[in-house]
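Data block below; observations after.
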């Protein structure tokens, strides 16, 4: 996907998010958009502004870092970096949409769910990803998907955003090399 | 191992410590200290949540080996370990095999045989933690070795200072009291110098080590000089045994010459007061100073747990290139 495709897909997903909002509920109190550190955060922010532009709705926004809940802590060769978690509203009873760039084994979403459960008791959690690349290791699925791309274990799906990368788009890299 | 995407991290950003242990801050760089402080801030927010724990160190066993009695530091470490879901074991010198004459080395070997992952040690001999790294395979964290270093105390002091000041560069910090017997002073001097702060040491001549200026600090025996232009004043605890050793004539005289009083807080209106605790009211700090809002003593307790969580997390997880073993 190039930058324009990504933008078009985000437009479509923004509308799908709005469809999840109950008609009689005030989104400012009953809904929330949570971006996963790091790229999910930038993508969620874009979705939030698209929703504001198209539907004139203000969706509460938060950032979640699930590093402390990972299940692979002792097996990693590199130290995972703990980043900020900032959810400036009470998540209890809210419907949340968790936003991440790629859904792969499902472990990141699993840790995000554990993190959210320790913060409060959400009414519901929906999952939004730009790319679902299959190869799940846990029973996790996404509710809003940008694109479904079946992949092989050696491959890598890279989502890049202008806010922190030098280019924008989604790439499928075969026989994955170390990330630049 | 697949499962999580690789994080994109700015190339200059430090993501893990260059050390395998925390034996002291003498060899720690400013970037490592900043990494610990940044990580501690994230853990501090965990401490404010309804469920004050994270599963990060689940399955890791930590033993708190306290050969010197300590309530505050040990409890602080124990809480930090529990909040990270680690298994903790407490060992205190009295009523243990040590009082029956077991050496540190044999105690260590026994611990090693029990497959402990991390050891937090407080011992009256300087260098005991370093010695331990040669006997056990575990990660060693120094909780105070004689008058040598107390790195986690200095780190929590740095966190407290960073809550009140934008930067350490050029910050004027004065450490006042019994410098010669203070491991807290030493670790703080290392940390502050590494971060670019200016350090002034102040205390009676009898409590000032010879050539301490070589650590990069300014020396004075007059409190006024230490407080003039000072941003943060750290008062060190006076131990009563020192008075018996005639290192100063009386507690009252110490308070007269080196105790921080309300008049100082009034004269230096931006001065921040710190103290590692427990405070001797009326000795290092006048009683009304202790209760003043510019004495940030209680914040230091929460920061202590957060900093210790950060240290445990960063040392437990780092397995990458180890360049330094100090």
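Throughout, read-outs are computed from the coordinates displayed, never taken from laboratory work. Since we're looking at a predicted model, the values are computed, not measured. Please note: Cβ atoms are built from the backbone with ideal geometry, for glycine as well, and neighbour counts cover all protein chains shown.
Worth pointing out:
- Degrees, to the nearest 10: B:30-46 long Cα axis against longest axis of chain B: 80 degrees
- Between the helical axis of A:39-55 and the longest alpha-carbon principal axis of chain A there is an angle of about 30 degrees.
- FRET efficiency for the pair residue A:71 and residue B:124, taken as 1/(1 + (r/R0)^6) with r the Cβ-Cβ distance and R0 = 45 Å, rounds to 0.65.
- Based on DSSP H segments of at least four residues, each scored -39500 (n - 2.57), chain A has a per-residue ellipticity at 222 nm of -9000 deg cm²/dmol.
- The long axis of helix A:3-20 is offset from the longest Cα principal axis of chain A by roughly 40 degrees.
- Rounded, prolate or oblate (a/c below 1.5 giving rounded, otherwise prolate when a/b exceeds b/c) for chain A by Cα gyration tensor: oblate
- Mean separation of Cα contacts under 8 Å, 6 or more apart, over the residue count of segment B:45-152: relative contact order %: 25 percent
- Mean projected area (nm²) of the alpha-carbon convex hull when chain B is viewed from all directions: 18.2 nm²
- As computed over the protein assembly as shown, the Cα convex hull volume per residue (Å³): 172 Å³
- By other beta-carbon atoms within 10 Å, ranking B:215, B:262, B:207 with the fewest at the front produces B:262, B:215, B:207.
- One decimal place: the segment residue B:102-residue B:267 gains 54.0 nm when fully extended, by the rule 0.36 nm per residue minus the C-alpha distance.
- Choice from B:192, B:272, B:104 showing the highest fluctuation, given a GNM over chain B with Cα pairs closer than 10 Å: B:104
- From its DSSP helices (H runs of at least four residues, each -39,500 (n - 2.57)), chain B gives a residue-normalised ellipticity at 222 nm of -10500 deg cm²/dmol.
- Contact order normalised by residue count of segment B:151-300, Cα under 8 Å, 6+ apart, percent: 23 percent
- Candidates A:21, A:130, A:59, ranked by Gaussian network fluctuation over chain A, Cα under 10 Å, top entry: A:21
- Taking all Cα pairs closer than 8 Å and separated by 6 or more residues, the relative contact order of segment A:71-180 comes to 21 percent.
- Fewest-first ordering of A:105, B:56 by other beta carbons within 10 Å of each residue's beta carbon gives A:105, B:56.
- Rounded if a/c under 1.5, otherwise prolate or oblate - segment B:195-283, Cα gyration tensor axes: oblate
- Which of A:117, B:274 has the fewest Cβ neighbours within 10 Å, and the rest in rising order: A:117, B:274
- Quarter the surface of the alpha carbon convex hull of segment B:151-300 and you get the mean projected area, 7.8 square nanometres.
- Segment B:42-93 shape via C-alpha gyration tensor axes, a/c threshold 1.5: oblate
- Springs between Cα atoms under 10 Å define the GNM used for chain B, and in it the highest mean-square fluctuation of B:214, B:115, B:105 occurs at B:214.
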